[in-house]
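The values are calculated or read from the model by the stated rules, or taken from the named source; none is laboratory data. On a predicted model such as this, the values are computed, not experimentally measured, just so you know. Methodologically, a virtual Cβ is constructed for each residue, glycine included, from the backbone with ideal geometry; neighbour enumeration extends over all protein chains shown. Accessible surface is based on the protein model in full, side chains and every heavy atom, while ligands, DNA and RNA are left aside. Shrake-Rupley method; radii C 1.70, N 1.55, O 1.52, S 1.80 Å.
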Amino acid sequence: GDADPAVELLLTKEMDMAEGIAEEIDLINKERQTIVTEITKAAIKQVEEQYPIDQNSVIIVGDYGWNAGVVGIVASKLVEKYYRPAIVLSFDHEKGLAKGSARSIAGFDLYHNLSQCRDILPHFGGHPMAAGMTLKLEDVGDLRNRLNNLANTILTAEDFIPITDIDASITLDEATLESISEM
């Protein structure tokens, strides 16, 4: 949506106006969360029914009417659930295009691997862990096949084990209510 309300919220000196804007932003955020939840459920259903993870090292799902503004969040949720690189696409029947976002896992450089598919990705960009793209609807299956083939040559079974980064190790004595409250 429009960023103007957030800017207004940060710039206003009127408490009543700030509260009204904050409520408006909160409502919009709740609507977004509902949309994310609905698309995530549909995406998980596609994975389970059409693109099971035992046959797909890279998850690529999409549908008509999915909000292109939240597909990156949905891709992150799929990575959390399945620990596979994930691309979530919003299909536009009129334009014949799929527009989406991707998130990855350690060991699979999204940008590098998408670069191997440049011929079917007229618009894409990103970095090793996240990317955005637009492609023709008719090329989605080809992208799925090519990225899965690339992943199958790069990734091992160990790469599909989620990694948990730990910033510090502390003793139970160091875990005070104050330190927990700070976090």
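Remarks
- Residues located in segment 43-63, provided they are in a helix (DSSP H, G or I), farther than 22 Å from Thr153 by Cα and either open to solvent by less than 40 Å² (accessible area, probe 1.4 Å) or aromatic (Phe, Trp, Tyr) (or both): Ala43, Gln46
- Among the candidates Ala157, Ala131, residue that is surrounded by fewer than 17 Cβ atoms within 10 Å (Cβ to Cβ) and over 19 Å from Glu38 (Cβ atoms): Ala157
- Annotation for segment 23-44: at least one member residue is closer than 20 Å to Leu147 by Cα and modelled with pLDDT of 95 or more.
- Cβ-Cβ distances below 7 Å connect the following pairs, each with a first residue in segment 151-169 that is among the acidic types (Asp, Glu), a second residue that is assigned to a loop (DSSP other than H, G, I, E, B), and a separation of six or more residues or different chains: Asp159/Ile105; Asp159/Gly107.
- Of Ala157, Ala151, Ala168, all but one fail to be small (Gly, Ala, Ser) and modelled with pLDDT under 90; the exception is Ala168.
- The set of residues in segment 66-82 that are under 16 Å from Gln46 (Cα atoms) and in contact with a helix residue (DSSP H, G or I) (Cβ under 9 Å, 6 or more places away or on another chain) comprises Trp66, Val71, Val74, Ala75, Lys77, Leu78, Lys81, Tyr82.
- Restricting segment 125-183 to residues that are hydroxyl-bearing (Ser, Thr, Tyr) and under 30 Å from Val61 (Cβ atoms), the residue that is nearest to the chain's Cα centre (by Cα) is Thr134.
- Put simply, of Gln50, Gln46 the only residue that is touching a strand residue (DSSP E or B) at 6+ places or on another chain (Cβ under 7 Å) and either closer than 24 Å to Leu97 by Cα or β-branched (Val, Ile, Thr) (or both) is Gln46.
- The set of residues from segment 117-141 being of a type in the set (D, E, K, R) and touching a strand residue (DSSP E or B) at 6+ places or on another chain (Cβ under 9 Å) comprises Arg118, Lys136, Asp139.
- Segment 89-104 - residue that is crowded, with 22+ Cβ neighbours inside 10 Å and touching a residue at least 40 places away in the same chain (Cβ under 8 Å) and, of those, nearest to Ile60 (Cα to Cα): Leu89
- Flag if Glu14 is within 30 Å of Asn145 (Cβ to Cβ) and either among the charged types (D, E, K, R) or surrounded by 15 or more Cβ atoms within 10 Å (Cβ to Cβ) (or both): no
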